[in-house]
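Participant: Before anything else, here's the structure in question.
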Amino acid sequence: MHGFANPKRFLALAGWLTPLLLVSGFFVTAAALYWGFTQVPPDRLMGETVRIIFIHVPTAWLGMGGWTAIAISSLVFLVWRHPLAAIAARGAAVPGLVFTLVCLATGSIWGRPTWGTWWVWDGRLTSMLVLAFLYIAYIALAQAAQREGVSARIPAIFGLIGAINIPIINRSVVWWNSLHQPPSITMGKSAIDGVFLAPLLFAVIGFSLIFGGVVLARMRALLADIQADARLRRRAMEAD
Amino acid sequence: MKAKHQRLVLVVLALIALVGAGLLAAYALRNQASYFYLPEQMQADPPQVGQAVRLGGMVAPGTVEMQADGITVTFTVTGREDSAVPVRFAGILPDLFQEGSGVVAEGRLAADGTFEADKLLAKHDENYVPRELQDMDEHQAAEMARETTIGIE
């Protein structure tokens, strides 16, 4: 693990892993969505609108997975002081925010025909919206910390504190009466019929590969950004 | 103790405190953050008459009735326990409104114990079943529900 904490070795690894993840993720996602959108029968109650599940559920999981990655990376950064862990946390923030927003948008579109409303302030929807706001705050904080040359520990602490929202999102439909249905997929069993479940799992794999590829690409961009900043600062010092 | 271990202990303690605080807050919120009353909750601890609240539960099979005016529908909402609240609603029913399905009604409790709904939201359950593969019993139930509600739409 310490080997990959070396930025040089990381960049060499990420250099070929990024396109591999993005390309394979693109093909798996395209195949899964084609399967889900055209080859699956309509649901007994919702009819054709059930197909939104193939985007809504993977993006919801990855939106929450992104913050979990931020929290774990922040923990590693705070305890072991790996500089790459701080970069990894920042790399997961933008794709995490995008997936959360896609989840909110598809959920809203799904809610209109199914529930009869675009939006309600129930526990699940509200906590997911809070997650999107947390992402925006984290991105702004991490950027400000880099620009001002302040320690990356501040965004890392924020990343850890924000993780409290993840179990709340997960349990929101169990703890509180909500319009959103309780979880369909729990440990070892699924209330989703196999016809829907198989393309859903493929879509989850495909979106996850894309997510991983984007995180690596973001990390490379952030490393380049930091290097450029450092070089500029050195030049400015020499010029003085 | 090495500095690294000190930091680890500190972060773990902070996390435990944080999770504890979060769980306590969620526990304290558990009534306020609920989106609706269940019928048993509404009967055990009824809201004030006229106060805007939501009622959620299952539309009891065989209780959906169209009133003589042609737009008012009455039905009974049942909960997890053996409890039922009568509901009156005048308006357009959502597509997924069916006997035996979940519903959330926005409105207020009337003095006679009937829930006067202004708006109905259909609640979906966690099951996703394609039309072709659903059980015969469920199929017949849905068919029956569709037939009994045909006049309402």
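Participant: Hey, can you tell me all the residues within the stretch A:191-237 that are within 14 Å of chain B (Cβ to nearest Cβ) and over 19 Å from the mean Cα position of the chain (by Cα)?
Facilitator: Listed by number, the residues that qualify are A:Ala191, A:Ile192, A:Asp193, A:Gly194, A:Val195, A:Phe196, A:Leu197, A:Ala198, A:Pro199.
Participant: Among the residues in the stretch B:44-54, are any more than 12 Å from chain A (Cβ to nearest Cβ), closer than 30 Å to B:Ala84 by Cβ and polar (S, T, N, Q)?
Facilitator: Looking through the stretch B:44-54, at least one residue is more than 12 Å from chain A (Cβ to nearest Cβ), closer than 30 Å to B:Ala84 by Cβ and polar (S, T, N, Q).
Participant: Given the options A:Leu179, A:Leu197, name the one that is surrounded by fewer than 18 Cβ atoms within 10 Å (Cβ to Cβ) and in contact with a strand residue (DSSP E or B) (Cβ under 7 Å, 6 or more places away or on another chain).
Facilitator: Unique residue meeting the criteria: A:Leu197.
Participant: Suppose we filter the stretch A:153-176 for residues that are at the interface with chain B (Cβ under 7 Å from one of its Cβ atoms) and free of Cβ contacts under 8 Å to residues at least 40 places away in the same chain; how many remain?
Facilitator: Result for the stretch A:153-176: 2.
Participant: Consider only pairs whose beta carbons are under 6 Å apart and that are at least six residues apart or on different chains; among these, list those whose first residue lies in the stretch A:108-124 and is within 10 Å of another protein chain (Cβ to nearest Cβ) and whose second residue is of a type in the set (S, T, N, Q).
Facilitator: Partner pairs satisfying both residue conditions: A:Gly111/A:Thr117; A:Pro113/A:Thr49; A:Asp122/A:Ser178; A:Gly123/A:Ser172; A:Gly123/A:Ser178; A:Arg124/A:Ser172; A:Arg124/A:Ser178.
Participant: Sticking with this one: Quick check: anything in the stretch A:182-190 within 14 Å of chain B (Cβ to nearest Cβ), in contact with a strand residue (DSSP E or B) (Cβ under 7 Å, 6 or more places away or on another chain), not β-branched (Val, Ile, Thr) and not in a helix (DSSP H, G or I)?
Facilitator: Yes, the stretch A:182-190 contains a residue that is within 14 Å of chain B (Cβ to nearest Cβ), in contact with a strand residue (DSSP E or B) (Cβ under 7 Å, 6 or more places away or on another chain), not β-branched (Val, Ile, Thr) and not in a helix (DSSP H, G or I).
Participant: Among the residues of the stretch A:129-169, write down those that are in a helix (DSSP H, G or I) and among the hydroxyl-bearing types (Ser, Thr, Tyr).
Facilitator: A:Tyr135, A:Tyr138 - these are the residues of the stretch A:129-169 that are in a helix (DSSP H, G or I) and among the hydroxyl-bearing types (Ser, Thr, Tyr).
For every residue, the table says whether it meets (1) in contact with a Lys or Arg (Cβ under 9 Å, 6 or more places away or on another chain); (2) of a type in the set (D, E, K, R); (3) modelled with pLDDT under 85.
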| site | (1), (2), (3) |
| --- | --- |
| B:Ala117 | yes, no, no |
| B:Leu120 | no, no, no |
| B:His124 | no, no, yes |
| B:Val129 | yes, no, yes |
| B:Leu133 | yes, no, yes |
| B:Ala141 | no, no, yes |
| B:Gly151 | no, no, yes |
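Participant: Looking at A:Ala60, is it surrounded by 19 or more Cβ atoms within 10 Å (Cβ to Cβ) and touching a Cys at 6+ places or on another chain (Cβ under 8 Å)?
Facilitator: In short, yes.
Participant: Yes or no: A:Ala224 hydrophobic (A, V, I, L, M, F, W, C), assigned to a helix (DSSP H, G or I) and at pLDDT below 90?
Facilitator: Considered against the rule, which asks whether it is hydrophobic (A, V, I, L, M, F, W, C), assigned to a helix (DSSP H, G or I) and at pLDDT below 90, A:Ala224 comes out as no.
Participant: Could you list all residues from the stretch A:22-49 that are crowded, with 21+ Cβ neighbours inside 10 Å and in contact with a Gly (Cβ under 9 Å, 6 or more places away or on another chain)?
Facilitator: A:Thr29, A:Ala32, listed by residue number.
Participant: What number of residues within the stretch A:79-119 are crowded, with 22+ Cβ neighbours inside 10 Å and among the aliphatic types (A, V, I, L, M)?
Facilitator: 6
Participant: Now for a different question. Looking only at the stretch B:101-124, count how many residues are touching a Gly at 6+ places or on another chain (Cβ under 9 Å), small (Gly, Ala, Ser) and surrounded by fewer than 18 Cβ atoms within 10 Å (Cβ to Cβ).
Facilitator: 2
Participant: Related question: Pairs, please: C-beta under 7 Å, at least 6 apart or cross-chain, first residue within 13 Å of another protein chain (Cβ to nearest Cβ) and over 20 Å from B:Tyr37 (Cβ atoms) and in the stretch B:74-102, second crowded, with 20+ Cβ neighbours inside 10 Å and not aliphatic (A, V, I, L, M)?
Facilitator: Filtered contacts from the stretch B:74-102: B:Leu96/A:Thr114; B:Leu96/B:His124.
The values are calculated or read from the model by the stated rules, or taken from the named source; none is laboratory data. This is a predicted model, so every value here is computed, not measured. Note that we place each Cβ from the backbone using ideal geometry, even for glycine, and neighbour counts take in every protein chain shown.
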